[in-house]
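Q: Starting off with a structure, shown below.
The values are calculated or read from the model by the stated rules, or taken from the named source; none is laboratory data. The model shown is predicted, which means the values in this text are computed figures rather than measured ones. Heads up, the Cβs are rebuilt from the backbone with ideal geometry, glycines too, and the neighbour counts pull from every protein chain shown. Accessible surface is based on the protein model in full, side chains and every heavy atom, while ligands, DNA and RNA are left aside. Shrake-Rupley method; radii C 1.70, N 1.55, O 1.52, S 1.80 Å.
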Amino acid sequence: MKSRIAAVIALIALTLTAYAQADIKQHFTAHLQGDKVPYTESHRLKWRDVESQRAQVWQAWCEANHEFEEDKLPSLRPLTNADTLLWPLPQELEPDAVMPYYYGTKGDKPTEGWPLYLYIHGSGPKTQEWSTGYALCSQFADAPSCYFIPQIPNEGAYYRWWQRAKQFAWERLLRQAFVSGEIDARRVYLFGISEGGYGSQRLASFYADYLAAAGPMAGGEIPSDAPAENCGHIGFSLRTGANDFMFARHQLTARTHELFDSLQRCFPTEYRHRIELIPGRGHGIDYSPTTPWLSHFTRVVNPKHFVWEDYPMDGIYRCGFYNIAVHERDTTSGNERTRYEMTIKENTIDLTIERVTYEAIEREPRWNIPIKHRKHYAPAAMGKFTLYLSDDMVDFSKKVTLIVNGQCVHEGKIKPDTRYLINSCATFFDPERVYAAGIEVEL
C-alpha cells in the first residue's frame, strides 16, 4: 500500500514538473514572438534545488528557441568551406536589409566549446571589404576559433554597424550561438577594421557584459559614443596609425588611452587594455596582432564591482547589464543617460545611480569633433530595476543589505524563486546569467 502511494505521489510530482516545464516554454515562446511581459508567478525554491531548476529553465529556453521560426545559424563547418548565407533583418528596423555572412571554424573544437569571434569590416565597397575580411580572418593565428563574418546589409552615409537592425543581428547571433551548445559563452570576442573599428568600439561598450575582449583597429570613437567605463571587465585593444589624421582618429585613440589609464588607476584589477598609436603608420596597419591578444581573455560573468553608463544607441537601450535588469529609467528633463556603479563587500551591496550629461570642453578644429568632455552627475530621481544575485556574489545563508544612493532599500535573507530564473534567462539569453535570486527596487 505504501509503495502504491509513493508511486502515485511520484507520478503527480512528475506531471507537475512536466506542466511547469511546458508553461515556462510557452512563456519563452511568447517572449521570442515579442511579448516582453515578465513572468510573475512566484514559485519558491529550496537552495538545494536551484541547480536542477536552473538546468530545466535553460532547457525550456533552448527548446523554445529551436522551435521558434526564424533564420537559424547553420551547422558548423570549417571556415575554408563555409557557405555564403543570408540573414534578412526586420523591415521595420532597416528597409531592405539582408545581411550576408560566413560562419565557420578553424582548428579542433575545445572541450568547453568554440570561442566565437565577430569580425566587422570597413566602409569601402562592401563586397570587396567582406572578401578581404574573410581572407584576413582565415589567416589570423587564433585557432581554435569560430568566426561570424557579416557583410553590412546596405551602404551609404547613414549605415553603421551599431544601428538598430544590426543590434538585432548581434543579439540573435549571441542567442542562437548560446543555445546551440557549440559555443563557449565565456569566450566571445568582437573586433573590426576602420568603420568596423568604430563599430566594434561602440559595440564593445554597449555589449561588454557578453564579451571576453574586444579589438577595434584603425578607428577611434568619440568618447561619449563608446563610454570607456563600461569596459571594466573585458580585454580592450585599440590599435591605430599615429599618422591616421582623418576624422582625428589619432587624437581620439590617444584620448581613449588616457581614459582607460585613468580608470585603471582608480580600479587596478579592472580595465585591462592595450591601446597603441603605431609609429609611422596611417590608416593601414598590421592587423595580425589583435586576435591572438584577445584570445587570452575569458569573460568575467559576475563581477563584484562594475560601472555601467546606460545610454541609447540608435534610440535603443539595453534591457540590462551584468546582473542589473532595468524596467524604468529616470528620463526627467530629457535625460538619456544613467550611470550605475555597483560594489559588493561581503554581504553589503552599494549601488549608486546617477543621471549623466556631457559637456564638450575640447574639439578638434578641422572636423569639429569633440575630443574631451566634462561629465555632470545628479542622483537619479526615479527608476525601477531588478538586481539579480548569485552565490558567487553574496552568501545567501546570511542577511543581504542593499544600499541605493545612500539609502538602505533591503536588509534580510533572500529566497530563491523560479520567476527570477525565468526572467533573467529571457532578459540576458545567457547560460551564465540564469539567476535564482533577485531584489526588486523602485526609486
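Q: Can you give me the % of accessible surface on the chain that is carbon or sulfur? Probe 1.4 Å, all protein chains present, nothing else counted.
A: Carbon and sulfur: 51 percent of the exposed surface of the chain.
Q: Only bridges whose two residues both fall in the chain count here: according to DSSP, what percent of them are antiparallel, nearest 5?
A: That works out to approximately 65 percent antiparallel.
Q: Let me ask something else. HN-Hα J couplings of the range 208-217 from phi, Karplus 6.51/-1.76/1.60, θ = phi - 60°, integer Hz, Gly and Pro as x?
A: Along the range 208-217, the couplings run 4, 5, 9, 9, 8, 6, 9, x, x, 9 Hz.
Q: Compute the Rg to Rh ratio over the range 356-407 from the alpha carbon atoms, using the Kirkwood formula for Rh, and round to two decimal places.
A: Using Cα coordinates only, the ratio equals 1.27.
Q: Given the alpha-carbon gyration tensor of the chain, what are the semi-axes of its equivalent ellipsoid in whole angstrom, ordered largest first, with each equal to the square root of 5 times an eigenvalue?
A: 38, 28, 19
Q: Using a simple spin-label model with points 7 Å from Cα along the Cα→Cβ vector, what separation in nm is obtained for residue 225 and residue 135?
A: Modelled inter-label distance: 2.8 nm.
Q: While we're here: With +1 on each Lys and Arg Cβ and -1 on each Asp and Glu Cβ, how big is the dipole of the chain about its Cα centre, in debye rounded to the nearest 20?
A: 760
Q: Compute the Cα gyration tensor for the range 274-406, then decide on rounded, prolate or oblate, letting a ≥ b ≥ c be the square roots of its eigenvalues: rounded whenever a/c is under 1.5, prolate when a/b is larger than b/c in the other cases, and oblate in all that remain.
A: It comes out oblate by the Cα gyration axes.
Q: How many Å² of accessible area per residue for the range 78-171, probe 1.4 Å?
A: 44
Q: So how far apart, in nm, are the two label points at residue 127 and residue 21 if each is 7 Å from Cα heading toward Cβ?
A: With each label placed 7 Å out from Cα toward Cβ, I get 5.0 nm.
Q: Next question. Determine ³J(HN,Hα), in whole Hz, for all residues of the range 284-301 in sequence, where each value follows from phi through the Karplus function 6.51 cos²θ - 1.76 cosθ + 1.60 and θ = phi - 60°; x replaces Gly and Pro.
A: x, 9, 6, 8, 5, x, 5, 5, x, 5, 4, 4, 7, 9, 10, 4, 8, 8
Q: Right, next: Given contacts defined as C-alpha pairs under 8 Å and at least six residues apart, what's the relative contact order of the chain, whole-number percent?
A: Computed over the chain, the figure is 13 percent.
Q: In the structure shown, do any of 36/166; 46/413; 345/375; 46/415 have a Cα-Cα gap over 18 Å, and if so which?
A: The pairs that break the limit, which is 18 Å between Cα atoms, are 36/166; 345/375.
Q: Remind me, what semi-axes does the range 196-254 give for its equivalent ellipsoid, largest first in whole Å, using sqrt of 5 times each Cα gyration tensor eigenvalue?
A: 20, 11, 9
Q: Just how many % of Cα pairs in the range 184-305 lie over 22 Å apart, if you round to the nearest whole percent?
A: Tail fraction, whole percent: 26.
Q: Given a 1.4 angstrom probe, what's the average accessible area per residue across the range 183-293, in square angstrom?
A: With the other protein chains kept in place, the range 183-293 gives 30 Å² per residue.
Q: State the extension gain, in nm to one decimal, for the chain segment bounded by residue 40 and residue 359, taking 0.36 nm per residue of separation less the distance between their alpha-carbons.
A: Difference between extended and current length: 110.7 nm.
Q: Any lysines with Cα under 23 Å of the residue 372 Cα? List them, leaving off those in the same chain fewer than 8 positions away.
A: none
Q: Going by average Cβ neighbours within 10 Å, how do the peptides 103-116, 276-289 rank, with the highest at the top?
A: So the order, starting with the most tightly packed, is 103-116, 276-289.
Q: Along the Cα-to-Cβ line of residue 155, 7 Å from the Cα, sits a label point; which residues in the range 105-133 have backbone N less than 16 Å from it?
A: Of the residues in the range 105-133, 121-133 have backbone N under 16 Å from the label point off residue 155.
Q: May I ask you to evaluate 6.51 cos²θ - 1.76 cosθ + 1.60, the Karplus curve with θ = phi - 60°, for each residue of the range 52-61 and list the ³J(HN,Hα) values in order in whole Hz, giving x for glycine and proline?
A: Along the range 52-61, the couplings run 5, 5, 4, 4, 5, 5, 5, 4, 5, 4 Hz.
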